[in-house]
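Enquirer: My structure is below; once you've seen it, I'll send some questions.
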Amino acid sequence: MMTNSLDRLEDTIEAETAALLSHDWSDQPEFNRRKSQGLLELSRMVRAIDTASLDHETIARLKRLRAKIELNHSVLEMNLRAVQEVADIVSGAIRNAESDGTYSAFVRRQDEAR
């Protein structure tokens, strides 16, 4: 049972990482649902077993899953930083377009202080 859960979770994380690397956010809600389900299954199983008695293969699988999760985390972080940068650019463009120039010197000084 644990093997099946690990397989599903690994597949989900690999698929999400590949989608993020190709800039495809279309399945993100489904990836989030599947990851949550997989982590819930795994956490329930870990609570029900004696982790000291895990065989070497299962421990290796868990270490591999951890590495895939860490890669997924860094790819998610990179994408979120990019989204934030784009949002900052759009926000600045909107602020500049809507400004009548009355407070522009004050706004520029605040932006430069950051």
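Enquirer: Against the condition under 13 Å from the mean Cα position of the chain (by Cα), touching a residue at least 12 places away in the same chain (Cβ under 8 Å) and farther than 13 Å from Asp11 by Cα, how does Val75 come out, does it pass?
Expert: yes
Enquirer: If a residue has to be touching a Ser or Thr at 6+ places or on another chain (Cβ under 7 Å) and among the acidic types (Asp, Glu) to count, how many in the stretch 70-87 make the cut?
Expert: Looking only at that region, the number is 0.
Enquirer: On the given criteria, is Ala19 surrounded by 14 or more Cβ atoms within 10 Å (Cβ to Cβ) and modelled with pLDDT of 95 or more?
Expert: yes
Enquirer: Working carefully through the options Ser43, Ser26, Ser53, find the one that is surrounded by fewer than 12 Cβ atoms within 10 Å (Cβ to Cβ), at pLDDT below 95, out of contact with any Lys or Arg (no Cβ under 6 Å at 6 or more places or on another chain) and closer than 22 Å to Val83 by Cα.
Expert: None of the other options fit; the residue is Ser26.
Enquirer: Go through the stretch 1-28 and report how many residues are assigned to a helix (DSSP H, G or I) and under 19 Å from Glu77 (Cβ atoms).
Expert: So the count comes out to 11.
Enquirer: Quick check: is even one residue across the stretch 34-54 without any contact (Cβ under 8 Å) to a residue 40 or more places away in the chain, touching a helix residue (DSSP H, G or I) at 6+ places or on another chain (Cβ under 6 Å) and of a type in the set (Lys, Arg)?
Expert: Checked the stretch 34-54: at least one residue is without any contact (Cβ under 8 Å) to a residue 40 or more places away in the chain, touching a helix residue (DSSP H, G or I) at 6+ places or on another chain (Cβ under 6 Å) and of a type in the set (Lys, Arg).
Enquirer: Condition check: at pLDDT 95 or above, of a type in the set (A, V, I, L, M, F, W, C) and either surrounded by 11 or more Cβ atoms within 10 Å (Cβ to Cβ) or out of contact with any His (no Cβ under 8 Å at 6 or more places or on another chain) (or both). Does Leu71 satisfy that?
Expert: yes
The values are calculated or read from the model by the stated rules, or taken from the named source; none is laboratory data. Every value quoted in this text rests on a predicted model; they were computed, and no experiment measured them. Here Cβ is always computed from backbone atoms with ideal geometry, including for glycine, and neighbour counts include all displayed protein chains.
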